[in-house]
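The values are calculated or read from the model by the stated rules, or taken from the named source; none is laboratory data. Just so we're clear, the structure is a prediction, and the values are computed from it rather than from any experiment. Cβ placement follows ideal geometry from the backbone for every residue including glycine, while neighbour counts extend to all protein chains displayed. Only protein heavy atoms, including side chains, enter the accessible area calculation; ligands, DNA and RNA are left aside. Shrake-Rupley method; radii C 1.70, N 1.55, O 1.52, S 1.80 Å.
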Amino acid sequence: STISKDSLKTSLLQLECHFTWTLLKQHVGLEALEETIVDHIKFFIEYNIIDYNLLSYVCHLKNSNEEALRNLQKAEEAIQKHHPGEIARRSLVTWGNYAWIYYHMQRYEEAQTYVSKVENSCKKLSSTAHGKIQLPEVCAEQGWAALRFGRNYFERAKNCFENALKSEPDNPDFNAGYAIAIYRLEDVAEKYGEERRSCLKALKRAVELNPKDTTVMALLALKLQRLQQGNEGERYIEEALQKTPDLPVLLRYAANFYRRKGEVDKAVEILKKALALTPKSYVLHHQLGLCYQFKILQFQKTRYAPQEEVDNLIQHAIFHFKIVTDKKPMFFSAHSDLANTYALGKRYEEAEKIFQEVLQRNDLPCDDKQTIYLNYGNFQRFHMKSELKAIKCYTEGLKIEKDSYGRKKCREAVETLLKQKIKSGLGDATDFGTLGLAHSLNGKKQEAIECYEKAIALDPNNEEYQNALAELQLS
């Protein structure tokens, strides 16, 4: 019998699996993501089913469907091993992925077989008539996948784990996922100047429910450190390092903790150990680069910095940041880190080239763009000694209408420079106009009005300034 492709597609869209969770490949570096999952499989046996399911989807995105099928076989083996009594219940996502991959391979009979397997299992598992079923572990699996796809998905991850917790509020795994999701959301919010409720409670609860989960323990330590409770945090880090001394993800968080504490050499040592365990991890390379950058800046503050040692550190930092930008082009702050390191080494042309390249990308989110304009402005101001170009960069960051930490810093920097320029009598209409914009964003209405009036006096036909002034006078 020929299977109708359309009715098959309709059934496929009903499935709960990676193919229906809209996880888009433009938000990740596929190679880096694949390496991360492979590393995770090695160190976290208990997540193997989830990891192999996700890996099958990543392989499909890389156009290797045969490889995707092999990973689904491994997921099935793990299900047999860990949940022999609940095969159907634990296989829904795996079978859903099978169905989609066979569909993409135009093997419609096999696709239909798996669709039927899922539909029949759901009918047995569910009392509802149409057999659509929301299992907490499937919600959680979507949550873990969402965390892996990056910051565009953190809000969704939080909601998935929240859903799973409704049915099983004391499940250690769901609590860990929930805590990690709100930790990540808070991380992003801090960078972009938004307020979030604290993840402290969730992290503490996850650690209580599963004292063996050293990943969550380390995140709790980092959170405490940010709340100026570093000593309590360090106790958690030390305990975690005793429990799992060879767990790369823990080593990475521990290194982060010591770097922030200012113990950079200790951080470097820990990161080298982690890199020996997972040599391909781009995050470890980024952290190492940051450590070397920190040391360069420390040396440059002292009067007699050993030049050879500084040059050596610059080489190291560039080497590690380059690995990151090659592997994970979406990791935008790493491009700034690389450019800043070239600048520290007085390699200005290379720094300039990176800023230009990254600013020309059309997949650059607003807040990242603002932060890059801030860094580019600082580069022009402090390295190239061009205040005019710096003002231009900060202004570009300011003009992007999204509140963020980067925009706030652009505003502060441009205010300082423009006030100096105007004070020395060199201010033109554009300078007054930009300062007006900065003031109005800062809620300083009266100062903004005065600036726009001066801008209009110098450039009477400028509609932009006239509109801005009229809006301020009406508000």
Self-check item: Only one of 452, 405 that is in contact with a Leu (Cβ under 6 Å, 6 or more places away or on another chain) and of a type in the set (Phe, Trp, Tyr)
Solution: 452
Quiz item: Quick one: would you say residue 417 is in a helix (DSSP H, G or I) and open to solvent by less than 60 Å² (accessible area, probe 1.4 Å)?
Solution: yes
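Quick grid of which residues meet (1) open to solvent by less than 50 Å² (accessible area, probe 1.4 Å); (2) at pLDDT below 95; (3) not in a helix (DSSP H, G or I):
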position	(1), (2), (3)
93	yes, no, no
97	yes, no, no
102	yes, no, no
133	yes, yes, yes
154	yes, no, no
174	yes, no, no
196	no, yes, yes
Quiz item: Does residue 390 fit the bill of being over 32 Å from the mean Cα position of the chain (by Cα) and touching a residue at least 12 places away in the same chain (Cβ under 8 Å)?
Solution: no
Quiz item: Are any of the residues in the range 392-412 β-branched (Val, Ile, Thr), under 30 Å from residue 186 (Cα atoms) and touching a Phe, Trp or Tyr at 6+ places or on another chain (Cβ under 9 Å)?
Solution: yes
Quiz item: Pairs, please: C-beta under 8 Å, at least 6 apart or cross-chain, first residue within 17 Å of residue 208 (Cβ to Cβ) and in the range 155-177, second open to solvent by 70 Å² or more (accessible area, probe 1.4 Å) and among the basic types (Lys, Arg)?
Solution: 175/205
Exercise. Identify, from the list 86, 77, 110, 119, the residue that is open to solvent by 40 Å² or more (accessible area, probe 1.4 Å), in contact (Cβ under 8 Å) with a residue 40 or more places away in the chain, acidic (Asp, Glu) and at negative phi.
Key: 119
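For (1) assigned to a helix (DSSP H, G or I); (2) modelled with pLDDT under 95, each residue gets a yes or a no:
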position: 392; (1), (2): yes, no
position: 406; (1), (2): yes, yes
position: 410; (1), (2): yes, no
position: 443; (1), (2): no, yes
position: 468; (1), (2): yes, yes
Quiz prompt | Count of residues meeting criterion [open to solvent by less than 50 Å² (accessible area, probe 1.4 Å) and under 19 Å from the mean Cα position of the chain (by Cα)] in the range 205-250 | solution = 10
